[in-house]
1. State all residues of region 43-66 that are modelled with pLDDT under 95 and either more than 24 Å from Leu151 (Cβ to Cβ) or not in a strand (DSSP E or B) (or both); if no residue qualifies, say none.
2. Based on this model, can you work out whether Ala108 counts as of a type in the set (A, V, I, L, M) and in contact (Cβ under 8 Å) with a residue 12 or more places away in the chain?
3. Just to be sure I understand, how many residues within region 112-156 are at pLDDT below 90 and of a type in the set (Asp, Glu)?
4. Are any residues in region 118-150 open to solvent by 50 Å² or more (accessible area, probe 1.4 Å), touching a Leu at 6+ places or on another chain (Cβ under 8 Å), more than 14 Å from Leu73 (Cβ to Cβ) and not in a loop (DSSP other than H, G, I, E, B), and if so, which ones?
5. Within region 69-98, track down each residue that is modelled with pLDDT of 95 or more and either open to solvent by 30 Å² or more (accessible area, probe 1.4 Å) or β-branched (Val, Ile, Thr) (or both).
6. If you go through region 101-117, how many residues are among the polar types (S, T, N, Q) and surrounded by fewer than 12 Cβ atoms within 10 Å (Cβ to Cβ)?
7. I'm checking my understanding of the structure. Among residues of region 1-42 that are open to solvent by 70 Å² or more (accessible area, probe 1.4 Å), in a loop (DSSP other than H, G, I, E, B) and closer than 28 Å to Thr120 by Cβ, which one is modelled with the lowest pLDDT?
8. Residue check, Asp99 against (1) under 19 Å from the mean Cα position of the chain (by Cα); (2) farther than 21 Å from Leu151 by Cβ; (3) free of Cβ contacts under 8 Å to residues at least 24 places away in the same chain, all met but one. Which one?
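The values are calculated or read from the model by the stated rules, or taken from the named source; none is laboratory data. These numbers come from a predicted model, not from an experiment. In this analysis, Cβ positions are derived from the backbone assuming ideal geometry, glycine residues included, and neighbour counts consider all displayed protein chains. To get the accessible areas, we keep the full protein, side chains included, count just its heavy atoms, and leave off ligands, DNA and RNA. Shrake-Rupley method; radii C 1.70, N 1.55, O 1.52, S 1.80 Å.
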Amino acid sequence: LESLSIADNAYGSYMNGTSRLLEGTYELCYEVFTLGGELPTNQCYPLIATNSTFLHLVSPSDRSVVNVTNPALTWTHSGIVPSSDPRETFTLTLVEMLDGQKASQAIAENSPLLLIPKLTSHATLYPLNTPRLEAGKQYAWQVIHLYDGYLVQASDVWTFRLEDWEDP
């Protein structure tokens, strides 16, 4: 192998930085030159890349009841944390669910109560300077893994409810 060309764009940057392809369908092409000076042989094949990495929410667990107004939101993924590559980040989104909504619908349609981009760790506390979580209400949350601003993977959407208690 004399040379290898990788596109000079975000996908190429991701591949060079992680040695992985983003999930999707690609065309793999190669050209073989012979020593005798004959015409090169070109060949292309379809390539389907599936994501062999994982991104899982940890806490609060799905459909749990939480008894603090600023819960710790934690997740894990198959990479190294903290990443030594500043292009690898996470975005956390948390929304209030409306009656009759599914979690995925709430994340897609409702305004975030909490949206934190460019996280480099696997945990954050629900900040005290954001809209307060209310007792008895249901919330949905999700984490997105990005590389250089491009989607690598999204977690499932989980829900939790803040315990219903009487204010003193």
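1. Within region 43-66, Gln43, Cys44, Tyr45, Thr50, Asn51, Ser52, Thr53, Phe54 qualify.
2. Here the answer is no, as Ala108 does not meet what is asked.
3. The number of residues fulfilling the criteria is 1.
4. Once the filter is applied, which keeps residues that are open to solvent by 50 Å² or more (accessible area, probe 1.4 Å), touching a Leu at 6+ places or on another chain (Cβ under 8 Å), more than 14 Å from Leu73 (Cβ to Cβ) and not in a loop (DSSP other than H, G, I, E, B), region 118-150 yields only Tyr150.
5. The answer is Ala72, Thr74, Thr91, Thr93, Val95, Glu96, Leu98.
6. Here the count works out to 1.
7. Ser19
8. Result: Asp99 fails condition (1) only.
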